[in-house]
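Structure first, then comments.
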Amino acid sequence: MADCVFCKIIAGEIPSRQVYADEQVYAFEDIQPQAPTHVLVVPRQHVTGLSEVDSPEAVGAVMAAVARIAREAGLKHYRAVINNGEQAGQSVFHLHVHLLGGRPMGWPPG
């Protein structure tokens with residue numbers, strides 16, 4: 001999608017600090033980290049949000065990447081967050097998972 005900031009990051013039009021990449025997934029450091037480890041993991045294919053997913057492969061690839069990145073970062077305890085929709089806190093409308101770790105997490109999160 002031409003005006004999507006994450007699509008522009010994936011295309012290399014906007015710089016990012018890449019953490020992981022494969023054919024289906026791109027992961028990069030959040031520019032406003034909320035934890036010592038804060039990585040955004042996104043599908044390369046534009047999907048607005050979780051409610052628009054119609055293929056389990058897309059979500060599976062993203063979640064497998066989250067687990068791999070967490071292992072490689074040495075995280076045994078971490079949080080994987082998907083916000084779906086504006087009222088849930090989604091501000092970039094391209095499906096993404098926030099991988100947060102490196103500090104204790106409280107509950108409830110919001």
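Since every read-out is calculated from the coordinates, none of them should be taken as a lab result. Bear in mind the structure is a predicted one, so any value in this text is a computation, not a measurement.
Assorted remarks:
- Antiparallel DSSP beta bridges within the chain, percent to nearest 5: 100 percent
- Taking 0.36 nm per residue of separation and subtracting the Cα-Cα distance, full extension of the segment from VAL81 to GLN34 would add 15.7 nm.
- Karplus-derived 3J(HN,Hα) values for region 37-44, using 6.51 cos²θ - 1.76 cosθ + 1.60 with θ = phi - 60°, are 10, 9, 10, 9, 10, 10, x, 5 Hz; glycine and proline are entered as x.
- At q = 0.29 Å⁻¹, base-10 log of I(q)/I(0) for region 44-110 (Debye sum, equal scatterers on each alpha carbon): -1.26
- When region 5-101 is reduced to its Cα atoms, the Kirkwood hydrodynamic radius in Å: 13.4 Å
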